[in-house]
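Novice: My structure is below; once you've seen it, I'll send some questions.
The values are calculated or read from the model by the stated rules, or taken from the named source; none is laboratory data. What you see is a predicted model; the values in this text were computed from it and never measured. Ideal geometry is used to build each Cβ from the backbone, glycine not excepted, and the neighbour counts take in all protein chains shown. With ligands, DNA and RNA removed, areas are computed over all heavy atoms of the protein, side chains included. Shrake-Rupley method; radii C 1.70, N 1.55, O 1.52, S 1.80 Å.
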Amino acid sequence: MHAQESIELSNRLRGPVIDRDSLDYDEARKLYNGMIDKKPLLIARCSDVADVIEAVNFGREHKLLIAIRGGGHNGPGLASCNDGLVIDLSSMKGVRVDPASRTVRVGPGCTQGDVDHATHPFGLAVPAGIVSTTGIAGLTLGGGTGYLTRQFGLTIDNLLEADVVLADGRFVTASATENSDLFWGLRGGGGNFGVVTSFLFRAHPVDMVFAGPIFWDQKDARAVMRRYRDMLPKAPEQLGAFLGLKTIPSADPFPREHWGKRICALISCYNGPEADGQKAMQPFLEGLPPPLVNWMGMMPFPALQSLFDPLLPSGMQWYWRGDFVNTLSDAAIDAHLAQAERTPSALSLMHLYPIDGAVHRVGHGDTAWNARGATWSMVIAGIDPNPQQAGPISRWTKAYWEAVHPHNDGGQGGGYVNFMMDDEGEGRIRATYGDNYARLVTIKAKYDPDNLFRVNQNIRPLH
């Protein structure tokens, strides 16, 4: 049966259709998270919007489960599905920068690195994530936090419009003035409402930055975490700094005498000259024990964005869980440190990303993203290259989350959808959106009443 379907779909598309008999099937179905192994019936590698429209229509007509793939970076593997159709947008990679209006038109297959590469020659950047291999589409639709968040807001706060193919095959544009309800839902509501085929972002002046990691031995982590908690709200918004409980990799360029040490890391980016960056960092460093490593210096913004790429290649085992955090109490710090002592692998980590500053100047109801009152977005990630470690890293992540969750008064018990696996339940998704959930259900019922797009952190159209 699938051979006939494959031929029919191939006849309707310009891009290739990959099925289970294709030589490149196993390569084409691979996801960033090596823990996820899904076997779709068909992969439609779309070359343009017309292909996307045909693929959506084909999937609907044939009653196939549909998954949408941008960068394929999604933690729970929601860029694919078993026995269904993957609409693969990874070939749709164009980026067009308009330096006069400081806007950037981005294709849905682009990664963070593609966007940074295109904008940097113009001295511009789009506020987004911290790893260059991240797909820009999924990151944006979930919210988007990174080094520039305190100064310029979430990625969705810089989204001006999106082109979308709807479940019935119609093509629409969503913006503040056109299909504004859909535009509201896209800004944090994930892939629930359609296939986004183009994003238009506002860009900001970002060129050389004073940035890099500082590592302290974990015995000093309590003092570092308290300082970070106390100083971050007072820091200039040009400084984006996230905190991590990690392990120094046993590899160059890290100093050999520190290989394998558990550490507390501050990874910072000051968008401005070095002297101002040094001044902004001073309150974080004064009086603390000397760090093991301080690699802060001037660098091009894309260099910072790709700093971690060699440590996190595609195909690792990943299991993560997140929370929003309002305050970081001493008791919470103690709970973090107790769990960090038990990391099951060198790459497993906890990060606290700031979501204050510009994020707080957008109202709770202005976008679907509903954590405007939080101070941090926390993620705990169990990571290892060895498939045999899938169980231990998953158990450690869950235990760590259960230990710190009672301290995380980040609102309503929800978390950042981009840090959510697919085993957390509908209640957690409802809690994530809080007061905005009912409105999302209404929008879903309008634009995707049959829940065609359900391989996501799903918002069901009717209850």
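Novice: Of everything in segment 337-347, what is touching a Lys or Arg at 6+ places or on another chain (Cβ under 9 Å) and not small (Gly, Ala, Ser)? Give them in sequence order.
Specialist: Once the filter is applied, which keeps residues that are touching a Lys or Arg at 6+ places or on another chain (Cβ under 9 Å) and not small (Gly, Ala, Ser), segment 337-347 yields Leu337, Glu341, Thr343, Pro344, Leu347.
Novice: Give segment 352-383 a look and list any residue that's in contact with a strand residue (DSSP E or B) (Cβ under 7 Å, 6 or more places away or on another chain) and open to solvent by 10 Å² or more (accessible area, probe 1.4 Å), or say none. Please lay out each step first, then the result.
Specialist: Residues of segment 352-383 in contact with a strand residue (DSSP E or B) (Cβ under 7 Å, 6 or more places away or on another chain): 352-355, 371, 374-383.
Correct list: Tyr353, Thr375.
Novice: Residue check, Thr177 against (1) surrounded by fewer than 24 Cβ atoms within 10 Å (Cβ to Cβ); (2) touching a residue at least 24 places away in the same chain (Cβ under 8 Å); (3) within 20 Å of Asp366 (Cα to Cα); (4) β-branched (Val, Ile, Thr), all met but one. Which one?
Specialist: Condition not satisfied by Thr177: (2).
Novice: Please go through segment 283-310 and give me each residue that is without any contact (Cβ under 8 Å) to a residue 60 or more places away in the chain and open to solvent by less than 70 Å² (accessible area, probe 1.4 Å), ordered by number.
Specialist: Hits for segment 283-310 are Pro283, Phe284, Ala303.
Novice: When residues of segment 144-173 are filtered for being within 30 Å of Gly59 (Cβ to Cβ), assigned to a loop (DSSP other than H, G, I, E, B) and in contact with a Ser or Thr (Cβ under 7 Å, 6 or more places away or on another chain), how many remain? Give the derivation first.
Specialist: To start, the set of residues in segment 144-173 that are within 30 Å of Gly59 (Cβ to Cβ) comprises 144, 155-156, 159-173.
Restricting the remaining residues to those that are assigned to a loop (DSSP other than H, G, I, E, B) gives 144, 155, 166-170.
Within this subset, residues satisfying the condition of being in contact with a Ser or Thr (Cβ under 7 Å, 6 or more places away or on another chain) are 144, 155.
Total satisfying the criteria: 2.
Novice: Can you name the helices (runs of 4 or more DSSP H) wholly within segment 14-126 that have at least 1 residues being surrounded by fewer than 16 Cβ atoms within 10 Å (Cβ to Cβ) and free of Cβ contacts under 8 Å to residues at least 12 places away in the same chain?
Specialist: On the way: elements: 25-28, 49-61, 112-119.
Passing ranges, in order: 25-28, 49-61.
Novice: Open to solvent by less than 30 Å² (accessible area, probe 1.4 Å), in contact (Cβ under 8 Å) with a residue 24 or more places away in the chain and under 22 Å from Trp318 (Cβ atoms): is that true of Asn408 in this structure? Can you show your working first?
Specialist: On the way: open to solvent by less than 30 Å² (accessible area, probe 1.4 Å): yes; in contact (Cβ under 8 Å) with a residue 24 or more places away in the chain: yes; under 22 Å from Trp318 (Cβ atoms): yes.
Judged against the criteria, Asn408 is a match.
Novice: Check off (1) surrounded by fewer than 21 Cβ atoms within 10 Å (Cβ to Cβ); (2) under 30 Å from Pro310 (Cα atoms) for Gly427 and give me the number that stays unchecked.
Specialist: Evaluating Gly427 over (1) surrounded by fewer than 21 Cβ atoms within 10 Å (Cβ to Cβ); (2) under 30 Å from Pro310 (Cα atoms) leaves (2) as the failure.
Novice: Have a look at Ala275, Ala280 and point out the one that is surrounded by fewer than 14 Cβ atoms within 10 Å (Cβ to Cβ) and either outside any helix (DSSP H, G or I) or not hydroxyl-bearing (Ser, Thr, Tyr) (or both). So that I can check it myself, show each step before the final result.
Specialist: Working: Ala280 fails: surrounded by fewer than 14 Cβ atoms within 10 Å (Cβ to Cβ).
Result: Ala275 is the single residue among Ala275, Ala280 that is surrounded by fewer than 14 Cβ atoms within 10 Å (Cβ to Cβ) and either outside any helix (DSSP H, G or I) or not hydroxyl-bearing (Ser, Thr, Tyr) (or both).
Novice: Which residues, counting only those in segment 198-228, are touching a Lys or Arg at 6+ places or on another chain (Cβ under 8 Å) and either of a type in the set (S, T, N, Q) or without any contact (Cβ under 8 Å) to a residue 40 or more places away in the chain (or both)?
Specialist: Ser198, Gln218
Novice: Restricting the search to segment 163-200, which residues are at negative phi and polar (S, T, N, Q)?
Specialist: Within segment 163-200, the first condition is being at negative phi, and the residues that meet it are 163-168, 170-178, 180-187, 189, 191-193, 195-200.
Passing the criteria: Thr173, Ser175, Thr177, Ser180, Asn192, Thr197, Ser198.
Novice: Would you check which residues across segment 199-228 are out of contact with any helix residue (DSSP H, G or I) (no Cβ under 8 Å at 6 or more places or on another chain) and not hydrophobic (A, V, I, L, M, F, W, C) and list them? Don't jump to the end; show me each part of the working.
Specialist: Looking only at segment 199-228, we keep the residues that are out of contact with any helix residue (DSSP H, G or I) (no Cβ under 8 Å at 6 or more places or on another chain), and these are 200, 205, 213, 217, 219-220, 223-224.
Scanning segment 199-228 gives Pro205, Pro213, Asp217, Lys219, Asp220.
Novice: Next question, about the same structure. If Ala346 satisfies every condition in (1) under 22 Å from Ser250 (Cβ atoms); (2) in contact (Cβ under 8 Å) with a residue 12 or more places away in the chain; (3) surrounded by fewer than 17 Cβ atoms within 10 Å (Cβ to Cβ) but one, which is the exception?
Specialist: So Ala346 meets the others, but not (3).
Novice: Within 26 Å of Ile429 (Cα to Cα) and of a type in the set (Lys, Arg): which single residue out of Arg102, Arg150, Arg202 fits that description? Quick ask: steps written out before the conclusion?
Specialist: Numbers: Arg102 fails: within 26 Å of Ile429 (Cα to Cα); Arg202 fails: within 26 Å of Ile429 (Cα to Cα).
Exactly one of Arg102, Arg150, Arg202 is within 26 Å of Ile429 (Cα to Cα) and of a type in the set (Lys, Arg), namely Arg150.
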